[in-house]
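Please read the structure below before turning to the comments.
The values are calculated or read from the model by the stated rules, or taken from the named source; none is laboratory data. Quick caveat: nothing in here was measured; it's all calculated off a predicted structure. Here Cβ is always computed from backbone atoms with ideal geometry, including for glycine, and neighbour counts include all displayed protein chains.
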Amino acid sequence: MSEQSQINRQILLVSRPQGAASVSNFKLVETPLEPLADGQVRVRNHFLSLDPYMRGRMDDSKSYAASQPLNEVMIGGTVGEIVESKNPKFTVGDKVVGMFGWQEFGTSDGAGLRKVDTAHIPLSAYLGPVGMPGVTAWLGLNRIIEPKAGETVLVSAASGAVGSVVGQLAKAAGCRAVGIAGGADKCRYVTETLGFDACVDYKAGNLYQDLKAAVPNGVDGYFENVGGEVLDAALQRMNAFGRIALCGMIANYDGSSIPLAKPSLLLTQRLKVQGFIVSESPEVWPEALGQLGGLVAQGKLKYRESVAQGIESAPEAFLGLLKGKNFGKQLVKLI
Ligand code: NDP
């Protein structure tokens, strides 16, 4: 390795947000790389994934997952390349997916590292449609919504990493796929590039009426990523016995919780609502990744990335993700 790459740049969480998260919650540090022990590998991380769940980890409150400890490297999914190996199962040059967090290099005994083939699938896609967000879409759609041909499936944050896959899979299952997204550009992308039947711009100021027009037969399956006013509008268009996959509520993450306007609709429409966490269903990952990988390799599943440059750009890019500044899967190109 070169002289320069003996240093690992890392971003630590150094304080917890009081209200909205800010760049002052993070700190960039430089740490010398330690020599490898027998059985270890060193990975140069090419891309870091920034994901909404990280906001929850910054808090110290009770949740389904432990909080991010202070003064440690921020948690996060990464893809990279083995640059040194003292483990016979890995060779220099192997491409791997891991959870090394917000840092340029990771060291591991190999546990939790998954080798991936980049012949037909770009490395970064393993953090998006052929990674955790893709499996999330697959799981919520196929195991909770269980779409049938001819039904209408609605998804919020439709241009994003999860939402974009939900709509394309629903369309492939013979459904009418309708998205909700922030802004005309994102909506145009959702219909023209991703092939959804319609997309409603919730920022245009006429959410309920625009949604009503986009789902003339109501909604049978709703894949929820946002919460707040978007969920309120969607609930009012649900058909009787509709299914809601409660995947995320990003509008609630960086501040206080937004109450439901009309919870009685859950009863009057006899809705099935199920929250889920993708990491708690390891049994579906092989099947889901197999299908998603095949679709991406064949160019049948489209996706888009927002790529911030350099580890130092991660905090700003992450705060932007919480405000919808990303357009597609938010990544950081490391080194
Ligand atoms: P995205 O790529 O969709 O990016 C987040 C998007 O959310 C933004 O681009 C923005 O889109 C929208 N958004 C951000 N803030 C707000 C807000 N205040 N109000 C309304 N919309 C907002 O992220 P992902 O695809 O990675 O994640 C989507 C959802 O899925 C998140 O809620 C996430 O927590 C959840 N998730 C859940 C998992 C699980 O296991 N349950 C696993 C993975 C993700 P726009 O500009 O269109 O508003």
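A few points about this structure:
- The conditions of being within 11 Å of the ligand (Cβ to nearest atom) and modelled with pLDDT of 95 or more are not met by residue 301.
- Consider the stretch 153-193 and keep the residues that are more than 9 Å from the ligand (Cβ to nearest atom) and of a type in the set (D, E, K, R). The one that is surrounded by the fewest Cβ atoms within 10 Å (Cβ to Cβ) is 192.
- The one condition from (1) more than 9 Å from the ligand (Cβ to nearest atom); (2) in contact (Cβ under 8 Å) with a residue 12 or more places away in the chain that residue 227 does not meet is (1).
- Some residue of the stretch 281-295 being touching a helix residue (DSSP H, G or I) at 6+ places or on another chain (Cβ under 9 Å), more than 26 Å from residue 149 (Cβ to Cβ), modelled with pLDDT of 95 or more and among the hydroxyl-bearing types (Ser, Thr, Tyr): no
- Looking across the stretch 90-149 at every residue that is in contact with a helix residue (DSSP H, G or I) (Cβ under 8 Å, 6 or more places away or on another chain) and surrounded by fewer than 17 Cβ atoms within 10 Å (Cβ to Cβ), the one that is farthest from residue 174 (Cα to Cα) is identified as 120.
- Residue, nearest to residue 74 (Cα to Cα), within the stretch 316-335, restricted to residues that are in a loop (DSSP other than H, G, I, E, B) and either of a type outside the set (A, V, I, L, M, F, W, C) or more than 6 Å from the ligand (Cβ to nearest atom) (or both): 334
Listed here are the residues, each with its yes/no results for (1) more than 14 Å from the chain's Cα centre (by Cα); (2) away from the ligand (no atom under 13 Å from the Cβ); (3) at negative phi; (4) not in a strand (DSSP E or B).
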position	(1), (2), (3), (4)
34	yes, yes, yes, yes
38	yes, yes, yes, yes
48	no, yes, yes, no
55	no, no, yes, yes
67	yes, yes, yes, yes
82	yes, yes, yes, no
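- Every test in (1) more than 16 Å from residue 144 (Cα to Cα); (2) modelled with pLDDT of 95 or more; (3) surrounded by 14 or more Cβ atoms within 10 Å (Cβ to Cβ) is passed by residue 276 save one, and that test is (1).
- Residue among 263, 259, 216 that is out of contact with any helix residue (DSSP H, G or I) (no Cβ under 9 Å at 6 or more places or on another chain) and at pLDDT 95 or above: 216
- Close Cβ contacts (under 9 Å, 6 or more residues apart or on different chains) running from residues in the stretch 290-315 that are part of a helix (DSSP H, G or I) to residues that are hydroxyl-bearing (Ser, Thr, Tyr) and surrounded by 18 or more Cβ atoms within 10 Å (Cβ to Cβ) comprise 293/126; 296/303.
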